[in-house]
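J.: Take a look at the following structure, please.
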Amino acid sequence: MPNIKSAKKRVNVIKRQAEENIPVRGSMRTAIKKVNKDSSNKELLNDAVKKIDNAVSKGVITKNTAARKKSRLMKKVNSK
């Protein structure tokens, strides 16, 4: 537990930011799981890519992580 006043404030800020990231990350993961389940549906792929890009713009994941996730999804969809 922090003793310094500014450190206590940072703990609260970080906690709030982490809570704001949860729905963005969750919707992204759900979209990815849907594509993995039904890899023949291009609409699900487009939705997942949008969710991944949204997560990058919100700062939830890095752009390299997003590129890796999108690449794996595209590879899975295009192989079938």
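J.: Of the residues 76, 70, which is open to solvent by less than 100 Å² (accessible area, probe 1.4 Å), closer than 15 Å to residue 25 by Cα, of a type in the set (Lys, Arg) and part of a helix (DSSP H, G or I)? If you could, list the steps in order and put the result at the bottom.
T.: Details: 76 fails: closer than 15 Å to residue 25 by Cα.
Only one candidate passes the filter, namely 70.
J.: Sticking with this one: Kindly list, by first and then second residue, each pair from a residue in segment 13-41 that is at pLDDT 95 or above to a residue that is among the charged types (D, E, K, R) and exposed (fewer than 15 other Cβ atoms within 10 Å of the Cβ), limited to pairs with Cβ atoms under 6 Å and residues at least 6 apart or on different chains.
T.: That search, which allows pairs on different chains as well, returns 24/58.
J.: Sticking with this structure for a sec: Go through 63, 42 for me and flag whichever is closer than 30 Å to residue 15 by Cβ and open to solvent by 90 Å² or more (accessible area, probe 1.4 Å).
T.: Details: 42 fails: closer than 30 Å to residue 15 by Cβ.
None of the others qualify; the one that does is 63.
J.: Keeping to segment 1-39, report how many residues are touching a Lys or Arg at 6+ places or on another chain (Cβ under 6 Å) and closer than 26 Å to residue 53 by Cβ. Quick ask: steps written out before the conclusion?
T.: In the first step, residues of segment 1-39 are kept if they are touching a Lys or Arg at 6+ places or on another chain (Cβ under 6 Å); the result is 2, 24, 27-28, 31, 39.
Subset that is closer than 26 Å to residue 53 by Cβ: 24, 27-28, 31, 39.
Going through segment 1-39 one residue at a time, the tally reaches 5.
The values are calculated or read from the model by the stated rules, or taken from the named source; none is laboratory data. Everything numeric here is computed off the predicted structure, so don't read it as measured data. Ideal geometry is used to build each Cβ from the backbone, glycine not excepted, and the neighbour counts take in all protein chains shown. Just so you know, the surface numbers come from the protein's heavy atoms only, side chains and all, with ligands and any DNA or RNA stripped out. Shrake-Rupley method; radii C 1.70, N 1.55, O 1.52, S 1.80 Å.
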